[in-house]
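So the structure is just underneath, and the comments pick up after that.
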Amino acid sequence: MNRRKFLKQSSTVLAAAAAASYVPTTFAAEQKLRVGLIGAGWYGKSSLLRAIQVAPVEVVSLCDVDSQMATEAAELIATRQASKQKPRIYSDFRQAIAAKDVDVMMVSTPDHWHAVPAIAAMQAGMDVYCEKPTGVDVIESQAMVAAARKYNRVVQINTQRRSTPHLIEARDEIIKAGLLGKVQRVEIGVWWHMRNRTTAAQAPDIQPPANLDYELWTGPAPKQPFNRIIHPRGWRAYTEYGNGIVGDMCVHMYDMIRWMLDLEWPQRITSWGGILNDRNARANISDTQTAIFQHADFDVTWNHRTWGKSPEPDNDFQWFGTIYGEKGVLKCSVFRYDWIPYSSGKVERTRKALLEYDKHPEDENEKDLERHVASAMRGHWRNYLNARANRGSVLPVADIEQAHISSSSCFLANMSQKLGRTLEFDPATHTVKGDAEANQLLARPYRAPWVHPDPKTV
């Protein structure tokens, strides 16, 4: 079977599964969705270009503290949107929001800059499409939920496993159909070598490049001396700007499991690990970490090992979620799923990620695009647009409150590792039960003059 025929057949099979989870919005020919983007880097561009593929989007503005990155993004967008117009460029997100000329503001910044611009956009009457996780601490995340509800904004977080066609099929036709039976245990994790191994000798402290406003890039986060790891794209190596591999990768897989199995907040969270291997690297995030999210009927256990080699021989499951049920095992990844009943002990059903090169041939050559994720991105945008069209009656699949649970659970896992003890979080009060020290860590101090958002006053 040639590739195009395979892709066409796969598209037909998965379309029915995907239809159960989202309904594409139909727009009038003259209707335009005005979109702005804050953070014109890798994933911001990737997501924005998927939006252009599924709706009559007009990208009105781009904002980035890196003038070179903003200019390059504007030139690219002009080649892809119908008007062929270059978006206006801003260096300060406050100016982009003050213009009040967009319907949806995308926030695709480093983690430490998610909450403040997202909340500001909501206050200005804009809906928001934001990268995961929801920020860097629990109270930021809670404030985003409060703002969305107060201002009646539709907010989608880009945890797009919820819109991944083959995972929708696995949830509906394996789990919901009862083939697994009662779930007994879940394991999630990653074995990819994701932690930056660059040493101080290889990346010494230097002056920021002239095209980068490093003061504004840092914003409310602790300001570290600049080096070439930090920007572009390397900021996840530092706890000052991100949430480590737990906040980068675990949030995706834990959120996927929560969605598939209809889980709410975990009852307790325990985590341990640290820098156990790459001790000479500049990165200060853990290279080894285990986190246990305890739910009423079973645990969800996360492991990352950014060294060595996975015992799993199949590269499709280097980043994985494995659900053990009474009747079999469901293995899930961004690349595919496998269903293995205990009765046969072999894979009886499998489905790979949906590629749609027949519909979107530009995907094949787009620079830096995660091609196996493109269909999920499009599905996530369709779901979001449907929620906007049905404001008040339909929430997006990755609504801010669901993202808050997944993101904050990961923040709490990092807190548990730091404190060396189990945390029991009370979602009703948004406090850790009986742990004053942990409660002090729920909101990270902001660098002046920036002010930490307060859920009570947003």
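The values are calculated or read from the model by the stated rules, or taken from the named source; none is laboratory data. Keep in mind that what you see is a predicted model, and the values were worked out from it rather than measured. Backbone-built Cβ (ideal geometry, glycine too); neighbour counts: all protein chains shown.
Only one residue in Lys176, Lys150 is within 24 Å of Lys352 (Cα to Cα), modelled with pLDDT of 95 or more and surrounded by fewer than 20 Cβ atoms within 10 Å (Cβ to Cβ). Which one? Steps first, please.
Working: Lys150 fails: within 24 Å of Lys352 (Cα to Cα).
Result: Lys176 is the single residue among Lys176, Lys150 that is within 24 Å of Lys352 (Cα to Cα), modelled with pLDDT of 95 or more and surrounded by fewer than 20 Cβ atoms within 10 Å (Cβ to Cβ).
List the strands (runs of 3 or more DSSP E) inside segment 253-305, counting only whole elements, that have at least 3 residues being within 15 Å of Lys418 (Cβ to Cβ) and free of Cβ contacts under 8 Å to residues at least 60 places away in the same chain. Can you show your working first?
Numbers: elements: 268-274, 288-294, 299-305.
Because the criterion is at least 3 residues that are within 15 Å of Lys418 (Cβ to Cβ) and free of Cβ contacts under 8 Å to residues at least 60 places away in the same chain, no strands (runs of 3 or more DSSP E) in segment 253-305 meet it.
Just one of Asn152, Asn211, Asn158 is polar (S, T, N, Q) and at positive phi; which is it? Explain how you work it out, then say what you get.
Working: Asn211 fails: at positive phi; Asn158 fails: at positive phi.
Going through Asn152, Asn211, Asn158 in turn, the sole match is Asn152.
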Next item on the list: Check Trp450, Trp381 and return the single one that is at pLDDT 95 or above and part of a helix (DSSP H, G or I).
Entry: Trp381
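Find the residue count for segment 93-122, including only residues that are assigned to a loop (DSSP other than H, G, I, E, B) and within 14 Å of the chain's Cα centre (by Cα).
Step one: filter segment 93-122 for residues assigned to a loop (DSSP other than H, G, I, E, B), giving 99-103, 108-110, 114.
Adding the requirement that they be within 14 Å of the chain's Cα centre (by Cα) leaves 108-110, 114.
Number satisfying all stated conditions: 4.
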Next item on the list: Considering each residue of segment 50-90, count those that are in contact with a strand residue (DSSP E or B) (Cβ under 7 Å, 6 or more places away or on another chain) and of a type in the set (Asp, Glu), and give that number.
Entry: 2
Checklist line | Enumeration of residues in segment 129-144 that are farther than 17 Å from Glu240 by Cβ, assigned to a loop (DSSP other than H, G, I, E, B) and not hydroxyl-bearing (Ser, Thr, Tyr) | finding: Glu131, Lys132
Checklist line | Candidates Gly135, Gly189 - the one that is touching a residue at least 60 places away in the same chain (Cβ under 8 Å) and touching a Lys or Arg at 6+ places or on another chain (Cβ under 8 Å) | finding: Gly189
Notebook entry, point to check: If a residue has to be modelled with pLDDT under 95 and more than 29 Å from Ser416 (Cβ to Cβ) to count, how many in segment 213-243 make the cut?
Noted result: 1
Next item on the list: Determine, yes or no, whether Gly273 is surrounded by 20 or more Cβ atoms within 10 Å (Cβ to Cβ) and either charged (D, E, K, R) or modelled with pLDDT of 95 or more (or both).
Entry: yes
Next item on the list: Would you check which residues across segment 325-335 are under 17 Å from Asp255 (Cα atoms) and either outside any loop (DSSP other than H, G, I, E, B) or without any contact (Cβ under 8 Å) to a residue 40 or more places away in the chain (or both) and list them?
Entry: Leu330, Lys331, Cys332, Ser333, Phe335
Check: Is there a residue in segment 310-331 that is surrounded by fewer than 17 Cβ atoms within 10 Å (Cβ to Cβ) and on the phi > 0 side of the Ramachandran plot?
Finding: no
Item checked: Complete set of residues in segment 145-172 that are under 17 Å from His404 (Cβ atoms) and either of a type in the set (Asp, Glu) or in a helix (DSSP H, G or I) (or both) -> Val145, Ala146, Ala147, Ala148, Arg149, Lys150, Gln160, Arg161, Arg162
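Can you tell me which of Lys359, Lys456 is over 28 Å from Trp42 (Cβ atoms), modelled with pLDDT of 95 or more and either out of contact with any Cys (no Cβ under 7 Å at 6 or more places or on another chain) or not in a helix (DSSP H, G or I) (or both)?
Working: Lys359 fails: over 28 Å from Trp42 (Cβ atoms).
Selected residue: Lys456, the only one of Lys359, Lys456 that is over 28 Å from Trp42 (Cβ atoms), modelled with pLDDT of 95 or more and either out of contact with any Cys (no Cβ under 7 Å at 6 or more places or on another chain) or not in a helix (DSSP H, G or I) (or both).
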Next item on the list: Exactly one condition in (1) closer than 17 Å to Trp259 by Cα; (2) among the acidic types (Asp, Glu); (3) not in a helix (DSSP H, G or I) is not met by Asp205; state its number.
Entry: (1)
Margin query: It is to be established whether one or more residues within segment 388-410 are closer than 20 Å to Met144 by Cα, part of a helix (DSSP H, G or I) and of a type in the set (Asp, Glu).
Written below: yes
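Mind listing just one residue for me: the one in segment 13-55 that is of a type in the set (Val, Ile, Thr) and under 21 Å from Asn390 (Cβ atoms) and, of those, modelled with the lowest pLDDT?
The first filter runs over segment 13-55 and keeps only residues of a type in the set (Val, Ile, Thr), leaving 13, 23, 25-26, 35, 38, 52, 54.
So of that shortlist, the ones also under 21 Å from Asn390 (Cβ atoms) come out as 23, 25-26, 35, 54.
Numbers: Val23: 38, Thr25: 41, Thr26: 45, Val35: 98, Val54: 97.
In this case the residue turns out to be Val23.
Among the residues of segment 347-356, is there at least one that is in a helix (DSSP H, G or I), acidic (Asp, Glu), under 23 Å from the mean Cα position of the chain (by Cα) and at pLDDT 95 or above?
Of segment 347-356, the ones in a helix (DSSP H, G or I) are none.
No - not one qualifying residue is present in segment 347-356.
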